[in-house]
Each structure stands twice: as structure tokens, then as C-alpha cells.
Amino acid sequence: MRPLIGGLSMTESMFTSYRNNPWSNSLTARATRRCPSFPTTPTSGCTFSMTNSNAFDHSPVMVEEIAELASNLPPGVFADLTLGGAGHGVAVLEANSELSLFGVDQDDIALAAAGAKLATYPDRATMVKTRFDGAADALRDAGHDDVSGFLMDLGVSSPQLDVAERGFSYRHDGPLDMRMDTTQTQTAADVVNGYSFGELADVLQSYGDERNAKRIAQAVIDGRPFDSTAALAETIANAMPAAVRRKSTGHPAKRSFQAIRIEVNNELAILGTTVDAMIAMLAAGGIGLVLTYHSGEDRIVKDRMRRTIEAGVPAGMPPQSNYRWLWRGARTPSENEIETNQRARSARLRAITRIPETADIS
Ligand SMILES: C[S@@+](CC[C@H](N)C(=O)[O-])C[C@H]1O[C@@H](n2cnc3c(N)ncnc32)[C@H](O)[C@@H]1O
């Protein structure tokens, strides 16, 4: 580990990528011209439309509920596997002075923003750059064999969506990129321009619940190659039946962009095993929280938690494992939160707890 700011620690690889990150040296740099692509190697005068770390503007979903749950956790480590701008992370630290935060993200920009916020808690926060399926190993490498709690707040952050150069957005034109970890090779352009009709239709259907997956896949095949998000969004919108376009409340390309992003970042493939690995690390009295934003994610999370709770128990019999649902089903944000934060609209929070050792599990 190497110190970052006032003792906040980072792994060696994270330190290197942080140091090489053009935004990390001067988090208050102002935009002077737009970068040709993003992220880029440090280039003088080249910055992007998010002008400072405070501009990592992401409202954490159900943050009050999560802070309240954290306030009752036993002392120890709280692992945030999707640290983002550390909105939840800071709320957890504030809610419970006996917790330290172990934050994981695969996105350098998110880590830079989180680092700036967490500098206020130099002795209580550690950040590691890794995909979340590396989190359990990273925790053990750092000497933590269990955790008091963990959180996964899946998907992308608002800044990832809003910075056109990152290529996630159907609203702002940018390169067809969509990589959260920009060192990864596969981009959205590879998926859109390289996949067969069947593969594309399957991605759109499975990861976007897109009813018009085949029509869209055919239009994409006919229109490619694509190199910009705007051109792709327009082709997708035009492929929709007119009646669907008229009725649609959101952008017609929203589901397809979500599906392509999930494919590019391999988001679902590692979700189940990560949930399992983190549940196995829960200390007695600890809780695991996962915020999902679409049905595919939620199914996986629910299934993994249920299997742990019901392990080896015949249907209808009371659970005998050391794990329980913290509540039945999924909790959702309040109407008020949904009104003020669009991203909260589809959120579902599931929670599992490992019962305290003294509790009677019969
Ligand atoms: C919804 S945002 C989290 C926002 C955060 N809770 C906050 O309060 O600011 C999701 C974050 O998870 C990261 N992420 C998504 N999938 C990941 C994965 N497989 N491994 C590591 N980080 C991931 C994204 O880069 C993004 O920063």
C-alpha cells in the first residue's frame, strides 16, 4: 500500500493508475479544451467537461436507509465494492465511527473523486482499483478476513453517463466506448460493429429487456460501422415501431445502451460469484446490501442470497443457516427520492444478514 492523501492508502497498481491519471494531480483543474478521447494520457491544457472533483455529481440512492443500517453494525470493515464518488462511503463513515471503509472501483475517475472526498478520513479509508470480483482477495491481502458489512450499488454513476467522451450516453455524442475500466480492450464499438445479428439481438433482449431486440439488431447490422453514440442512438430510435416511439417515456435507445454497456463491462457474469464471496466474508451480525437497477441484476442477487439462506433446507422448513433476510423482498426508494433523483426510479435494495453468534437460529 502507498499513502495517497494524508495517509489514505491505495494499492501499488491503484497508486500508479492514480498518478498517471490526468485528473488526479489537479482535481480543481478547469476545462480549457476538450480531449480528443477520454481518458487520455496527461496532456497539457487537455481536460474534459467535468471540471473538478466536486463536479463528480452523483446522488447516492437510498443513502439515508443505508447509513441507518450501517449505524447498527458491529465495529470492523465496511466494504463498498462500487465506491463511485464515495457518496455512500462517506455516509457510512459518518454513521458509525467504529467502521473503516474499504472502497473498490474499476474506474480511475471515480477513484480520484472518491480519494478527494475520503481525504477527510485519512485513517479510516482504503481504496483499491479492481473489478469487484477481486474485492474479497483484495480485502484478505489487506489483512481483513471478514467484514462488518458490504454494499454493491450496481451499474454506472451519473458522471460516467454525463461525460460524453466516455461514450455511455445516448444524449451526448461521443465515441462508442462505454468502458468503466479504460485499460480493458473491448469497447462498445467492438460489440456494435463486431457481433453477429444473433449475438446482438441476444444482448439487447437479455440485458435490456428490449422487446424490439431483433428489429434493432437488424438496423444496427445494416447501418454499421458506427463510431459515435449519437449515430447509434438515432439508428436505434428509427428502428422502433412508430407506436412504441410515440408511447415511450424515456429515450428509445435507453434499454439498448444499457444492454451494450452491460455486455462491454461483463457486468452480470461476475455478479453472482462476487455476491457469494462477500456473503461468505460477513462477520456475525454483519449485513450485505445490494442495490440493483434492472431485473437481470436483481434476479441474480435475490437468487444468490436465497440460496445461502435456504442452503440444505427443504422447501417450507425454517432456515437453519447462519444467514437471514434482513427484510423480505426488495426495498425501494421513497416517492420523494424518485422525484428528485431519476436514477432512483428503478432501484431495488436487497439485504442479507449473518445472525449474531449468540442468537438462537431455530
Ligand atoms: C452507481 S455507481 C456507485 C456510486 C456510489 N455508490 C456513490 O455513492 O457515489 C457504480 C460504480 O461502480 C463501479 N463499478 C461498476 N461495476 C464494477 C465492477 N464490476 N467492478 C468494480 N467497480 C464497478 C462503477 O465504475 C461506478 O463508479
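Residues in the stretch 82-108 that are more than 8 Å from the ligand (Cβ to nearest atom) and under 16 Å from MET180 (Cβ atoms): 2 in all.
Give the stretch 59-85 a look and list any residue that's out of contact with any Asp or Glu (no Cβ under 9 Å at 6 or more places or on another chain) and in a loop (DSSP other than H, G, I, E, B), or say none. If the condition is that a residue be out of contact with any Asp or Glu (no Cβ under 9 Å at 6 or more places or on another chain) and in a loop (DSSP other than H, G, I, E, B), then ASN72 is the only one that fits. Of all residues in the stretch 167-187, exactly one satisfies the criterion of being basic (Lys, Arg) and more than 15 Å from the chain's Cα centre (by Cα), namely ARG171. State which residue is modelled with the highest pLDDT when the search covers only the stretch 109-129 and only residues that are of a type in the set (Val, Ile, Thr) and within 10 Å of the ligand (Cβ to nearest atom). Result: VAL128.
Within the stretch 117-172, if we keep just the residues that are closer than 25 Å to ASN72 by Cα and of a type in the set (Ser, Thr, Tyr), the residue that is surrounded by the fewest Cβ atoms within 10 Å (Cβ to Cβ) turns out to be THR120.
Looking at the stretch 247-269 only, could you name the residues that are among the charged types (D, E, K, R), touching a residue at least 24 places away in the same chain (Cβ under 8 Å) and part of a helix (DSSP H, G or I)? Selection gives LYS254, ARG255, ARG261, GLU263. For the stretch 215-261, the set of residues classified as among the β-branched types (Val, Ile, Thr) and at pLDDT 95 or above consists of ILE216, VAL220, ILE221, THR229, THR235, ILE236, ILE260, listed by residue number. Every condition in (1) away from the ligand (no atom under 16 Å from the Cβ); (2) of a type in the set (D, E, K, R); (3) not assigned by TED's automatic domain parsing to the domain that holds VAL77 is met by ARG140 except one, and the failing one is (3). Within the stretch 158-169, the residues that satisfy the criterion of being within 15 Å of the ligand (Cβ to nearest atom) and outside any loop (DSSP other than H, G, I, E, B) are SER158, PRO159, GLN160, LEU161, ASP162, ARG166. Six or more apart or on different chains, Cβ under 6 Å: which pairs go from a residue in the stretch 58-79 that's over 13 Å from ALA91 (Cβ atoms) to one that's aromatic (Phe, Trp, Tyr) and surrounded by 23 or more Cβ atoms within 10 Å (Cβ to Cβ)? Could you list them? Close Cβ pairs (under 6 Å, with a partner that is aromatic (Phe, Trp, Tyr) and surrounded by 23 or more Cβ atoms within 10 Å (Cβ to Cβ)) amount to VAL77/PHE102; ALA79/PHE102; ALA79/PHE150.
Check whether at least one residue in the stretch 92-106 is within 18 Å of LEU326 (Cβ to Cβ), at pLDDT 95 or above, within 18 Å of the chain's Cα centre (by Cα) and assigned to a helix (DSSP H, G or I), and report yes or no.
Pass one, the stretch 92-106, residues within 18 Å of LEU326 (Cβ to Cβ): 92, 95-96, 99.
Still in the list and also at pLDDT 95 or above: 92, 95-96, 99.
Within this subset, residues satisfying the condition of being within 18 Å of the chain's Cα centre (by Cα) are 92.
Imposing the further condition that a residue be assigned to a helix (DSSP H, G or I) reduces the set to 92.
Yes.
For the stretch 196-239, which residues satisfy the criterion of being of a type in the set (Ser, Thr, Tyr) and surrounded by 19 or more Cβ atoms within 10 Å (Cβ to Cβ)? Once the filter is applied, which keeps residues that are of a type in the set (Ser, Thr, Tyr) and surrounded by 19 or more Cβ atoms within 10 Å (Cβ to Cβ), the stretch 196-239 yields TYR207, THR229, THR235.
Restricting attention to the stretch 211-230, report how many residues are farther than 22 Å from TYR293 by Cβ and either touching a residue at least 40 places away in the same chain (Cβ under 8 Å) or not in a helix (DSSP H, G or I) (or both). Step through it out loud before you land on a result.
Restricting attention to the stretch 211-230, the residues satisfying the condition of being farther than 22 Å from TYR293 by Cβ are 214-215, 217-228, 230.
The next check asks that each one be either touching a residue at least 40 places away in the same chain (Cβ under 8 Å) or not in a helix (DSSP H, G or I) (or both); those that pass are 224-228, 230.
Total meeting the criteria: 6.
Using the structure shown, decide if ARG179 is of a type outside the set (Ser, Thr, Tyr), modelled with pLDDT under 95 and farther than 30 Å from GLY286 by Cα. For ARG179, the condition - of a type outside the set (Ser, Thr, Tyr), modelled with pLDDT under 95 and farther than 30 Å from GLY286 by Cα - is not met.
With the structure loaded, tell me whether ALA67 is within 12 Å of the ligand (Cβ to nearest atom), at pLDDT 95 or above, out of contact with any His (no Cβ under 6 Å at 6 or more places or on another chain) and under 25 Å from ILE355 (Cα atoms) or whether it fails that test.
Numbers: within 12 Å of the ligand (Cβ to nearest atom): yes; at pLDDT 95 or above: yes; out of contact with any His (no Cβ under 6 Å at 6 or more places or on another chain): yes; under 25 Å from ILE355 (Cα atoms): yes.
Judged against the criteria, ALA67 is a match.
Being more than 15 Å from the ligand (Cβ to nearest atom) and assigned to a loop (DSSP other than H, G, I, E, B) is the filter here, so list the residues in the stretch 170-190 that pass it. Hits for the stretch 170-190 are TYR170, ARG171, HIS172, ASP173, GLY174, LEU176, THR185, THR187.
The values are calculated or read from the model by the stated rules, or taken from the named source; none is laboratory data. Nothing here was measured: the structure is a model prediction, and the numbers come from that model. Positions of Cβ are generated from backbone atoms using ideal geometry, with glycine treated the same way; all protein chains shown enter the neighbour counts.
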